[in-house]
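Presented below is the structure to which this report refers.
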Amino acid sequence: MAPMRTSVLLLASVFAMTTQPTNKAIINVGTPPLGPYSQAVKAGGLIYISGTLAQDASGNVAAKGDIKGQTTNVIERMSALLKAAGSSLEQVVAVTVYLKSQSDFAAMNEAYKGFWAKEPPTRTTVVADLVLPDALVEIAMVAVPAGAERVAIHPTGWSTSPSPYSYAIKTGDTLFLSGLVSRNGKDNSVITGDVPTQTAAVLDNATEILKAAGMTLANVVSARVYLPDGATFQQMNETYRKYFVSAPPARATVVTGLAGPQYNVEITLVASTASKRVIDDGRPANPNLSAAIRAGDRVYLSGMLGNTAETKGDVPAQTRETLSRIRGALTAAGCTAADVSDAVVYLTDIKTFQTMNDAYRAFFERDFPARATLQTGLVAPDGLVEIMVTAGCPAK
């Protein structure tokens, strides 16, 4: 593991942790963020760390330097947050890496792999524009506290991943899978073909990984689908529905670049053996996804949009409508906005970041969830913002 910078260690000695009635703890190392997000949130046995960019020794944003330096800086800062939350890099179960440029993938990997000597966390890597123009990489993490169960899952007969990630990590009743692309697990060869072919290959691989963990596709509660070409959305859906014929998981689908140009789709899944219930939020059923899924005391919401005839072209209005729909799904699940632990915001134009933030801040008010914000394409033609959240609240 690369040595941690002295400044980061000093910052780790000062942090704020506020326990909420919802059993949610807010964790900030050093100066709390100015934006409507918490650096980390500890809830329901998991630690969610916001999408993190490179910063200088004083905590000011200074996203400069090459991809290796930025990757190292980001992970060292996240290590300090994990320490403040009673965890460590060795307890990370899932990582999402957002790269500004596909060409930086190999160099990012070189810096990244030095932080995990064995059983690295699951990982998804996609290409997206970031909030700061000089930022080359943003990383979000999910971890478990020190001493909590963390078991790497590897299907029998499969080769080791060509990149530094485990295929799946199990903790308690929850299984995190890496972002899967169309590769043959036994020899890592690429499975070429169109989007339906590659989608089937991805979900066949997911089935094998789930089986190795004692689960099936019926245990999947949340999915994130990444497509380089939004025009292939319906093709992906036609194949996807064959694998999730009833009670499909909550899902968000966005248009991003992938780490390799040979891939047409990447899918990240979360599964659970906890009691599963589809949440009806009162809107028409969608054959491709459930509005929300409750698995035990955790609720996974689909990516919500607020594009209507009245909100067309208006980011603040779409954000407010999106959050209104999120509130409806949370209420139907027996939760509130205060129970939200983690969020990802997809914007079609990063220039609308501040106007989105204004509406977002008003919705959560305080004790904000962890969050990553990216510029991606959306599959809804008039959609300008999509928000996906995870909440933790005891079933009633």
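The values are calculated or read from the model by the stated rules, or taken from the named source; none is laboratory data. Computed from a prediction, not measured in an experiment: that's the story for all the values here. Using ideal geometry, Cβ is built from the backbone for each residue, glycine included, and neighbour counts are taken over all protein chains shown. Protein only, heavy atoms only, side chains kept; ligands, DNA and RNA dropped before computing areas. Shrake-Rupley method; radii C 1.70, N 1.55, O 1.52, S 1.80 Å.
Which of the listed residues, Ile350, Ala213, Gln234, is farthest toward the dipole's positive end in the chain, when Lys, Arg count +1 and Asp, Glu count -1 at the beta-carbon?
About the Cα centre, the residue reaching furthest to the positive side is Ala213.
Could you state the principal axis extents of the C-alpha atoms in region 237-346, from the largest down, to the nearest angstrom?
39, 39, 26 Å, listed from the longest principal axis down.
Just to confirm, what accessible area per residue do you get for region 261-302 at 1.4 Å probe, in whole Å²?
Heavy-atom SASA per residue in region 261-302 reads 42 Å².
Given the C-alpha centroids of region 251-301 and region 338-375, what is the distance between them in whole angstrom?
Centre-to-centre distance over Cα atoms comes out at 19 Å.
Excluding Gly392 itself, calculate the net charge of residues whose Cβ lies under 12 Å from the Cβ of Gly392, where each Lys or Arg counts +1 and each Asp or Glu counts -1.
+1
Suppose we keep just the alpha-carbon trace of region 204-263; what are its Rg and Dmax in angstrom?
In Å, with Rg to one decimal and Dmax whole: 12.7, 35.
Rounded to a whole number, what is D in µm²/s for region 329-376 from Stokes-Einstein with the Kirkwood radius over alpha-carbon pairs (37 °C, 0.692 mPa s)?
D = 279 µm²/s.
Between Leu132 and Ser189, what's the calculated FRET efficiency when r is the beta-carbon distance and R0 is 41 Å? Round to 0.05.
Approximately 0.65, to the nearest 0.05.
Across 5 Å bins from the origin, how do the percents of Cα pairs in region 125-255 run, short distances first?
2, 9, 17, 21, 20, 18, 9, 4, 1, 0
Accessible area per residue of region 114-179 at 1.4 Å probe, in Å²?
It amounts to 34 Å² per residue over region 114-179.
What's the magnitude of the charge dipole for region 68-154 around its Cα centre, counting Lys and Arg as +1 and Asp and Glu as -1 at the beta-carbon? Answer in Debye, nearest 20.
160 debye
With label points built 7 Å along Cα→Cβ from the Cα atoms of Asp349 and Val278, find their separation and express it in nm.
The modelled label-to-label distance comes out at 3.7 nm.
Based on the alpha-carbon gyration tensor of region 286-385, what equivalent-ellipsoid semi-axes (square roots of 5 times the eigenvalues) come out, in whole Å, largest first?
21, 16, 12
Could you please state, rounded to a whole Å, how far the C-alpha centre of region 180-228 is from the C-alpha centre of region 126-173?
For region 180-228 versus region 126-173, the Cα centre distance is 16 Å.
What is the mean projected area of the alpha carbon convex hull for region 148-208, to one decimal in square nanometres?
Quarter of the Cα hull surface area: 4.5 nm².
How big, on average over all directions, is the shadow cast by the Cα convex hull of region 89-137, in nm²?
Answer in nm², one decimal: 3.7.
Where a Cα-Cα gap under 16 Å defines reach, which aspartates and glutamates qualify for Lys211, not counting those fewer than 8 residues away within the same chain?
Straight-distance partners of Lys211: Asp173.
Could you give me D for the chain, from Stokes-Einstein at 25 °C and 0.890 mPa s, where the hydrodynamic radius is the Kirkwood radius over C-alpha pairs? Units µm² s⁻¹, please.
Translational D for this selection: 118 µm²/s.
Whose amide H sits under 5 Å from the amide H of Gly257, counting only residues 5 or more places off or on another chain, with H placed in the peptide plane?
Val127
For region 77-202, what value does the Rg/Rh ratio take when both radii are computed over Cα atoms and Rh is the Kirkwood radius, given to two decimals?
With Rh from the inverse mean 1/r over Cα pairs, Rg/Rh is 0.98.
Can you compute the charge dipole magnitude of the chain about its Cα centre, using +1 on each Lys and Arg Cβ and -1 on each Asp and Glu Cβ, nothing else charged? Give it in debye, rounded to the nearest 20.
Roughly 780 debye, rounded to the nearest 20.
For the chain, which whole percent of the accessible surface, found with a 1.4 angstrom probe, sits on carbon and sulfur atoms? Walk me through the intermediate numbers first.
On the way: 8260 of 15510 Å².
Carbon plus sulfur share of accessible area: 53 percent.
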